[in-house]
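Report on the following structure.
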Amino acid sequence: MSGWSNVAVASTTVLALAACGSGEVEDAQSKPVAATSSESSQTPSAAASSTSTSEKGQENESGEPPKVTEARVAETAEGDRVIFTFNGPAPDYLDSWEKELNGAEGKPIKIKGSKFLRIAFVGVSPDSRFTSPAPNERVLEVRYLMNFEGEMSVGIGIVAPDGAADPEHTITAEGTQVIVDIKE
């Protein structure tokens, strides 16, 4: 089973166990919250991935699932930022640090960098694509990986010292943007 499949199985298990615990139903219309991951892991796990809590099944003004319209890289005082802009409400997402990134049918995709963050945007248009933005000194590449059943995967390749832990990062969904902050 691939590392990404392990994330899906672990996430499903955690959600199923959480639903069994309290007997209370959580509000499905909760506001977006920053997801943080600073776990050092060579393979994805439930602890090393995060999931958004934005509203499910959102559509743009035309009633279609949102489509990514732009990706860009910027530097901040705390590190680096990658911003994905959509033509509708920011979608839900899953993320994890990976040893390598794979596209359709599990085929490896070579991208620049020594650490790789995979983000899967859930419930997006199947024809969602973007032009890879210009890199900076640390974020070497942001690349479309694949779109399968309404889940578009992207990869972010960063440079990190040999043997370094996976960098701490936060992901925030705000309006039509998903903002990825990677700490120094």
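Read the figures in this text as sums done on the coordinates, not as results from a lab. Given the structure is predicted, the values throughout are model-derived calculations rather than measurements. Note: ideal-geometry Cβ built from the backbone for every residue, glycine included; neighbour counts use all protein chains shown.
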>> With 15 Å as the cut-off, how large is the P(r) tail for region 95-184, expressed as percent of Cα-Cα pairs?
In response: 60 percent
> Given a Förster distance of 25 angstrom, what is the FRET efficiency for E61 paired with K112, based on the Cβ-Cβ distance and rounded to 0.05?
Replying inline: 0.10
> Across region 103-146, how large is the tail of the calculated P(r) beyond 16 Å, expressed as a percent of all Cα pairs?
Replying inline: 46 percent
> Hey, got a sec? Which trypsin sites (Lys or Arg not before Pro) in region 93-184 land in a DSSP loop and have at most 16 other Cβ atoms within 10 Å?
Replying inline: K99, K110, K112, R129
> Per 10 Å bin, what is the whole-percent P(r) computed from every C-alpha pair distance within region 53-151?
Replying inline: 14, 45, 33, 7
>> Can you give me the distance in nm between label points at T76 and S132, each placed 7 Å from the Cα along the Cα-to-Cβ direction?
In response: 2.4 nm
